[in-house]
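Take a look at the structure below.
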Amino acid sequence: MEIAVCDDNKLFLKEIEGQLRTLPMVGNVRLFNDLDEFLFSVDSGQRYDVVLMDIEWHEKVAGLDAAAELFRLCPEVKIIFVTGRVERYSQQIFLQRSNLSGYLTKPVDTELLRANLRKVQDMPPSGEQTSLVLRHQGAQVTVPVREICFIESQNHTVHVHLAGETVTAYERLESILRVLPDGFCQCHKSYIVNLSHIRRFQPGGVLLKNGELVPVSRSKYNDAKKAYFHFMGHTF
């Protein structure tokens, strides 16, 4: 089990790391006392099974916002909130979208920590589609949905553009769109874009976070923009 712990208290990070190391289900543990650094690691492709997230950061409820952003980037990652102020945050944890799987109070009891992780371990896989199966040269190719930046149709093939590579398959764009989960939008007769990868709209297209520009047709521009803001409104 890959685990990240996010807390602005370095002493607590060391303490919880020691507790985690005693548990047999725990594999790698990464510690973060900077939320931007943590989110950058996720956005760069690092994957975790569970994130232990402190709610209060320097007297700000920043952990809830970070959990919502994590849900946008990787909705399958489980969150266990950690706090020393139960009475303040026991209701607020439900206000932001997150894959909430547990709630611990400081100081963390090792047996409760074990029970929370065992619960996560025993949970069935999320019902949300996490991969796309494509046909290529007579074989099946599986690509992670979250890594798809955009999909481009050319002649009788589609090019699925991922972070760092492109997978070509013999599929129809319309067929792929039907099986993709929420969060994708056909912005042009030949393009589907992953809304979570959009940095901004600009005349004629959308600029992605990786710097690529995906065209948006005039007829689909308004619908694509509405879909994007609706998506963002549901993820924050």
Check on VAL26, within 26 Å of ILE198 (Cα to Cα) and modelled with pLDDT of 90 or more
no
Residues that are over 23 Å from TYR228 (Cβ atoms) and not in a helix (DSSP H, G or I), drawn from the range 63-87
LYS78, ILE79, ILE80, PHE81, VAL82, THR83, GLY84, ARG85
Anything in the range 44-67 that is in contact with a helix residue (DSSP H, G or I) (Cβ under 7 Å, 6 or more places away or on another chain) and surrounded by fewer than 18 Cβ atoms within 10 Å (Cβ to Cβ)? List them, or say none.
VAL61, ALA62
Among the residues of the range 160-176, is any aromatic (Phe, Trp, Tyr), closer than 15 Å to PRO144 by Cα and in the same structural domain as SER217 (by TED's automatic domain parsing)?
no
Report yes if some residue within the range 165-176 is out of contact with any Cys (no Cβ under 9 Å at 6 or more places or on another chain) and among the aromatic types (Phe, Trp, Tyr); otherwise report no.
yes
Single match in LEU104, LEU31 (criterion: modelled with pLDDT of 95 or more and aliphatic (A, V, I, L, M)):
LEU31
So, of the residues in the range 133-161 that are among the β-branched types (Val, Ile, Thr) and within 16 Å of the chain's Cα centre (by Cα), which turns out to be modelled with the lowest pLDDT?
VAL143
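The values are calculated or read from the model by the stated rules, or taken from the named source; none is laboratory data. Predicted, not measured: the structure shown is a model, and the values here were computed from it. Using ideal geometry, Cβ is built from the backbone for each residue, glycine included, and neighbour counts are taken over all protein chains shown.
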